[in-house]
1. Just to be sure I understand: with springs between alpha-carbon atoms less than 10 Å apart, which residue in Pro83, Pro95, Pro154 has the highest mean-square fluctuation in the Gaussian network model of the chain?
2. What lysines does Lys17 reach when the alpha-carbon gap must be under 20 Å and sequence neighbours fewer than 8 apart in one chain are set aside?
3. Indicate the helices, whole DSSP H runs only, in the chain that combine a mean Kyte-Doolittle hydropathy of -1.0 or more with a Cα extent along their long axis of 30 angstrom or more.
4. Taking the Cβ of Asp97 as the centre, find all other residues whose Cβ is under 10 Å away and add up their charges (Lys, Arg: +1; Asp, Glu: -1).
5. Tell me the chymotrypsin sites (Phe, Trp or Tyr not before Pro) within region 69-168 that lie in a loop according to DSSP and have at most 10 other beta-carbon atoms within 10 Å.
6. In terms of Cα to Cα distance under 18 Å, which aspartates and glutamates are near enough to Lys62, apart from those fewer than 8 places away along the same chain?
7. Taking the Cβ of Lys71 as the centre, find all other residues whose Cβ is under 11 Å away and add up their charges (Lys, Arg: +1; Asp, Glu: -1).
8. Decide, for region 15-152, between rounded, prolate and oblate: order the square roots of the alpha carbon gyration tensor eigenvalues as a ≥ b ≥ c, take rounded if a/c falls under 1.5, and otherwise choose prolate if a/b is larger than b/c, else oblate.
Amino acid sequence: MNALETIRSRRSIRKYKEGAAVPKEDLKQILEAAMMAPSACNTRPWEFVVLQDREKLNALMKVHPYVSMLKTASLAIIVCAKPEVQEGICPGYFPQDCGAATQNILLAAKELGYGTCWCGVYPKEERMEAVREVLGIDCKPYNVIALGVADEEPAARGYYDESRVTWM
Ligand SMILES: Cc1cc2nc3c(=O)[nH]c(=O)nc-3n(C[C@H](O)[C@H](O)[C@H](O)COP(=O)(O)O)c2cc1C
């Protein structure tokens, strides 16, 4: 698939083939794609947790109301923000940077044959705290990305809307 085909065909997946294995080699490629994302002043204010522990995945479903797809997902990648690495350089850009890394994860996973669903955590303080507690981590959980082999095929859709564009 070329990049535009991957972008056009990606959809959020909420039903996965249970127990499907995801080789570490694939995960490393997906994480490499995340870390290749652009970031303000090249500060790369992120860390990633690859969560395969079924008990913790279940615990996440208890503290986040919209991650029920984790039941069938093979794993989750939690993108964690590290705003402190931007202090004194270019503070405040971390949400954009983590968003760019997240989109690279979604597209790399799609390209490798996996489905994903981006589940928002930041900026909801109580959700961030709950996810931090479940995982026992210090950094700011930015989102939870469900990942696995899709067991549904939502149709690709087009959103091109000329009214949202100003040609200047
Ligand atoms: C910031 C953000 C937060 C999201 N949070 C959730 C979520 O908590 N649970 C969920 O099922 N989908 C979540 N989504 C996925 C959106 O619902 C989905 O991207 C949107 O409906 C468009 O559908 P598509 O991804 O299939 O194109 C989130 C997406 C973004 C970008």
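Bear in mind these aren't lab numbers, they're just calculated from the coordinates by the rules spelled out. Model, not experiment: these values are computed from the prediction. Note that each Cβ is placed from the backbone with ideal geometry, even for glycine, and that neighbours are counted across all protein chains shown.
1. Ranking Pro83, Pro95, Pro154 by mean-square fluctuation puts Pro154 first.
2. Lys56, Lys71, Lys110
3. none
4. Once all neighbours under 10 Å are counted, the net charge is +2.
5. Here the sparse-neighbourhood loop sites are Tyr159, Tyr160, Trp167.
6. Excluding near neighbours in sequence, the set is Asp53, Glu125, Glu126, Glu129, Glu133.
7. That sum, taken over residues with Cβ under 11 Å, equals +2.
8. oblate
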